[in-house]
1. Using a simple charge model, +1 on the beta-carbon of Lys and Arg, -1 on the beta-carbon of Asp and Glu, nothing else, what dipole does the stretch 39-163 show about its Cα centre, in debye to the nearest 20?
2. Residue separation times 0.36 nm, minus the C-alpha to C-alpha distance between Lys1 and Asp70: what's the value?
3. Rounded, prolate or oblate for the stretch 1-53? Axes are the square roots of the Cα gyration tensor eigenvalues, ordered a ≥ b ≥ c, and the cut-off for rounded is a/c under 1.5.
4. Hey, what's the chain come to in accessible area per residue, 1.4 Å probe, Å²?
5. Can you sort Ser115, Ser47 by 1.4 Å-probe accessible area, starting with the largest?
6. State the percentage of accessible surface on the stretch 51-112 attributable to carbon and sulfur atoms; use a 1.4 Å probe and exclude ligands, DNA and RNA.
7. Which of Leu27, Tyr89, Ala13 sits farthest toward the positive end of the charge dipole of the stretch 8-104, with +1 on the Cβ of Lys and Arg and -1 on the Cβ of Asp and Glu?
Amino acid sequence: KANANNFGELDVARGSFAACGNGTRGLWGGGNTGSVSEVIDWVVMASLGNANDFGNLYVARDRLGACSDDTKGIWSGGDDSSSDDTIDYVNIASQGDANNFGNLNVGGQNLSACSDGTKGLVGGGRSTTNIIDYFVMASLGDANDFGNLTVARHAVSGSCSGD
C-alpha cells in the first residue's frame, strides 16, 4: 500500500476531460473551463513534470470518452451542444491538432471508451442509450454496432485487455 504523489499539473486546468496514452506519452483532451475546451495536453510518462500543449481536438467538448493504441489517441462523443457523435484522433508520437476519424452511431456524453489495441469500443452515454459502438483503430471511418449494454446507462467506465 502506497500513497499517490504529485506528478505535475495540466497545461490548462479543467474538468470533465478524457485521457489516453501509449506507454510513452499520456494525453488529456477536451474538458470544461466554464465552457467546453478543445485543448489536448501531454506528458512523458517516464518523467515527472507539468503537462505541455499538444494541440486541439477536432471539436471542443467535455464529458467524452478516450482510448488509444500504440499509435493513435482517439476521443469520442461528449457534449458540445451540436456534435456529440464526433470521433477524432491524433498521432500520439507527433504533436498537432486532432483530425476527424468519423462518427458514432448514437452520440452521447458521459460515455466510456476502451481499446484492446485493435478495436475501440464506446458505450453508454445518455441515460436512454444502451448501444456499444466499435471502430477499427488502424483505419478511419464511422463506428459500427457492436451490441448493447444490459441496460441503458451513463457516466460509465470501461477497460479492455489486449490478451
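The values are calculated or read from the model by the stated rules, or taken from the named source; none is laboratory data. Source: prediction; values computed, not measured. All Cβ positions, glycine included, derive from the backbone under ideal geometry; neighbour counts span all protein chains shown. For accessibility, only protein heavy atoms count, side chains too; no ligands or nucleic acids. Shrake-Rupley method; radii C 1.70, N 1.55, O 1.52, S 1.80 Å.
1. On the way: 6 positive and 16 negative charges, 54 e Å.
My answer is approximately 260 debye.
2. On the way: separation 69, 0.36 × 69 = 24.84 nm, distance 2.98 nm.
Separation in residues times 0.36 nm, less the Cα-Cα distance, equals 21.9 nm.
3. prolate
4. 50
5. Sorted descending by solvent-accessible area, the residues read Ser47, Ser115.
6. Reported share for carbon and sulfur atoms: 31 percent.
7. Leu27
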